[in-house]
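The values are calculated or read from the model by the stated rules, or taken from the named source; none is laboratory data. All values reported here derive from a predicted model rather than from experimental measurement. Glycine gets a Cβ as well: all are built from the backbone with ideal geometry, and neighbour counts include every protein chain shown.
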Amino acid sequence: MITLLDYGAGNVRSVRNAIRKLGFEVKDVETPEEIVTAEKLIFPGVGNFGVVMERLVRDGYAEKLIERIHLDKATFGICVALQTFFEGSAESPGVAGLGIIPGQIERFSDSELSVPQIGWNGVKIHKSNSIFDGYNGEKFYFVHSFKAVASEENKDWILTTTDYGEEFVSSVAKGQVIATQFHPEKSGDAGLRLLEQFLKGKEIVESGVKPQLDNRPTKIAKRIIACLDVRSNDAGDLVVTKGDQYDVRQEGEVRNLGKPVELARRYYNEGADEVTFLNITGFRNFPLNDQPMLEVLRETSKNVFVPLTIGGGIREFTDSDGNFYSALDVASRYFRSGADKISIGSDAVYAVEKYLEKKSKDGTSAIEQISIVYGAQAVVISVDPRRVYVNTPDETTHATIAVKTPGPNGEKYCWYQCTVSGGREGRDIDVVQLVTVCEKLGAGEILLNCIDKDGTNSGFDHELINMVRGAVKIPVIASSGAGTADHFTDVFRETNAEAALAAGIFHREEVPISKVKSTVANAGIEIR
Ligand code: 1PR
């Protein structure tokens, strides 16, 4: 029996599912005392250091965790849990950590690399341990803006380090206690194997695999993401569909390319680094009435152990009985159903309009509310831009670029207009305004679609991607237009996008994910 510490932050469903998948039973901590008495404890964590510490103290868990770790009882901490073992964090100045390991958690410093670090990176093993038994150089999934650093005072704890601009602590272990900055429950087979070693009750340190002598820096991989646009068809079935420039109907019928849960599982097995679901009619309906989407997440997370993002309809809402739901309430339901990140489309455009009008933040936007509780890395902005061609940059106040292929009337420039409601309505905001303000409001990643390219199989819009990538520090996912495996190599060579997403070519089985990955790897680009 494995005991799980669920203190109400982030996606614990995936951890629970991973434990069950490995054949173990799992129960939740019900009283603080159980933290000390549990035979094996998993302490997952996502989100803001201060919020997590406040909950641990409020519920009487913090002191019990300290007691448990001093008693050297088998404990596995994940992500922000690792950070709480330290004395404090630059994320929440003045908030004390558990103080078990000497040192302060720091923010990644300014470098060329985007922050948060989101994606698959390697590890360098520093001491003998059995938790990495069977490890063969695989990468693990990281998602964080803050990091622990090794020092003379904490070196007895350092199990692995990883490089991301600078070297940071990617896992710690001592006696029966281990914590990883990466998410084993989101790291495919390699992560499940690691968890299994812990669950099987092996000694963690001083036996098993030896420290690695190879001290070359680890490298983060470019991510390949499979996207499933989901909606109900006219018969009322929830289907994966796909549009051409956002038009999902063919001869009047919504295209049906398969069942969401089955397709997500197939993409996981084929090596997708992430899976994204977009509820494309979510802007019309209240998503919490849309129980099938929550069910899709719950079912998918039973068998898919890479990050899941869900978007569509994330905004505040008052139902017909007058009950008010904040965007945070809606997002929380998704996180608890198995989502690791939520994506916001239309509501982000409205939030930016409000910001530009007031010229300041007011704490009310969905982006601010969700990122404060779940961390910036959990908030993706899905941008649906469309090209607006102009003859000269003076014709508009928006940021323009010179286009390689002239517009329909020979125009040499364009700007990218943001749209809402699935591309149905254009607003007076350009992509650069949108992404820079969203970053200020606390978004952690940009999913950059392009209506002109969507479903065309003609390759990604490199000009758009470079424009956006140059405007923000947070990671950018290039989306729309993939038609061949080479298009992925091109987008990684021609732009600094951290990830590339595709839908149609995967659904229509034109190019398998494995082929995309081998093509990109053969071009010398780091891939998982
Ligand atoms: O506005 O917060 O409710 O979110 C709605 C979400 O649904 C947004 O993320 C928006 O992008 C998405 N959406 C709305 N309508 C459509 C549509 O297609 N009619 N789909 C839509 C957007 C675009 C991509 C697609 C890529 C790759 N889909 O995600 O998967 O373009 O396609 P390809 O590889 O086949 O070219 P809100």
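Table for the structure above
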| quantity | calculated |
| --- | --- |
| Flag if Gly313 is within 15 Å of the ligand (Cβ to nearest atom) and at positive phi | yes |
| Qualifying residue in the range 344-358 (condition: at negative phi, away from the ligand (no atom under 14 Å from the Cβ), buried (at least 20 other Cβ atoms within 10 Å of the Cβ) and not hydroxyl-bearing (Ser, Thr, Tyr)) | no |
| Qualifying residue in the range 135-148 (condition: over 23 Å from the mean Cα position of the chain (by Cα) and in contact (Cβ under 8 Å) with a residue 60 or more places away in the chain) | yes |
| Exclusive hit being of a type outside the set (A, V, I, L, M), touching a Leu at 6+ places or on another chain (Cβ under 6 Å) and closer than 19 Å to Gly103 by Cβ, set Ser171, Ser151 | Ser171 |
| Leading residue by the ranking (farthest from Arg266 (Cα to Cα)) among those in the range 327-340 that are away from the ligand (no atom under 15 Å from the Cβ) and in contact with an Asp or Glu (Cβ under 9 Å, 6 or more places away or on another chain) | Asp329 |
| Meets criteria (under 23 Å from Asn522 (Cβ atoms), surrounded by fewer than 18 Cβ atoms within 10 Å (Cβ to Cβ) and in contact with a His (Cβ under 7 Å, 6 or more places away or on another chain)) for Glu494 | yes |
| Restricting the range 443-495 to residues that are among the polar types (S, T, N, Q) and farther than 30 Å from Thr364 by Cβ, the residue that is farthest from the ligand (Cβ to nearest atom) | Asn466 |
| Among (1) touching an Asp or Glu at 6+ places or on another chain (Cβ under 9 Å); (2) over 25 Å from Ile381 (Cβ atoms); (3) surrounded by fewer than 19 Cβ atoms within 10 Å (Cβ to Cβ) - the single one Phe305 does not satisfy | (3) |
| Subset tally (residues that are in contact with a Cys (Cβ under 9 Å, 6 or more places away or on another chain), of a type outside the set (Val, Ile, Thr) and crowded, with 18+ Cβ neighbours inside 10 Å) for the range 390-445 | 4 |
| Residues of the range 371-412 classified as of a type outside the set (Gly, Ala, Ser) and within 16 Å of the ligand (Cβ to nearest atom), total | 8 |
| Residues satisfying the stated conditions in the range 289-333, i.e. of a type in the set (Val, Ile, Thr) and free of Cβ contacts under 8 Å to residues at least 12 places away in the same chain | Thr318 |
| Wholly enclosed helices (runs of 4 or more DSSP H) of the range 41-135 bearing at least 2 residues modelled with pLDDT under 95 and surrounded by fewer than 19 Cβ atoms within 10 Å (Cβ to Cβ) | 49-58 |
| Test for Asp319: is it acidic (Asp, Glu), over 23 Å from the mean Cα position of the chain (by Cα) and surrounded by fewer than 24 Cβ atoms within 10 Å (Cβ to Cβ) | yes |
| Enumeration of residues in the range 362-375 that are in contact (Cβ under 8 Å) with a residue 60 or more places away in the chain and either outside any helix (DSSP H, G or I) or on the phi > 0 side of the Ramachandran plot (or both) | Ser365, Gly375 |
| Counted residues, the range 219-241 - those being part of a loop (DSSP other than H, G, I, E, B) and crowded, with 20+ Cβ neighbours inside 10 Å | 2 |
| Those residues of the range 324-361 which are among the small types (Gly, Ala, Ser) and not in a strand (DSSP E or B), in sequence order | Ser326, Ala327, Ala331, Ser332, Ser337, Gly338, Ala339, Gly345, Ser346, Ala348, Ala351, Ser360 |
| Residue in the range 265-280 that is modelled with pLDDT under 95 and outside any strand (DSSP E or B) present | yes |
| Any chance Gly455 is out of contact with any strand residue (DSSP E or B) (no Cβ under 8 Å at 6 or more places or on another chain) and either on the phi > 0 side of the Ramachandran plot or not assigned by TED's automatic domain parsing to the domain that holds Lys139 (or both) | no |
| Number of positions in the range 498-528 that are more than 25 Å from Gly258 (Cβ to Cβ) and either in contact with a Phe, Trp or Tyr (Cβ under 8 Å, 6 or more places away or on another chain) or free of Cβ contacts under 8 Å to residues at least 60 places away in the same chain (or both) | 5 |
| Contacts under 6 angstrom Cβ, first residue in the range 450-478 being more than 13 Å from Val432 (Cα to Cα), partner hydroxyl-bearing (Ser, Thr, Tyr) and near the ligand (Cβ under 10 Å from one of its atoms), 6 or more apart | Cys450/Ser480; Ile451/Tyr246; Lys453/Ser480; Asp454/Tyr246; Asp454/Ser480 |
| Single residue of the range 281-306 satisfying the filter (among the hydrophobic types (A, V, I, L, M, F, W, C) and in a loop (DSSP other than H, G, I, E, B)) that is modelled with the lowest pLDDT | Phe286 |
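Residue-by-condition table, conditions (1) within 28 Å of Cys227 (Cα to Cα); (2) at pLDDT below 90:
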site	(1), (2)
Ala348	yes, no
Tyr355	no, no
Lys358	no, no
Ile372	yes, yes
Val380	yes, no
Val388	yes, no
Pro393	no, no
Thr397	no, no
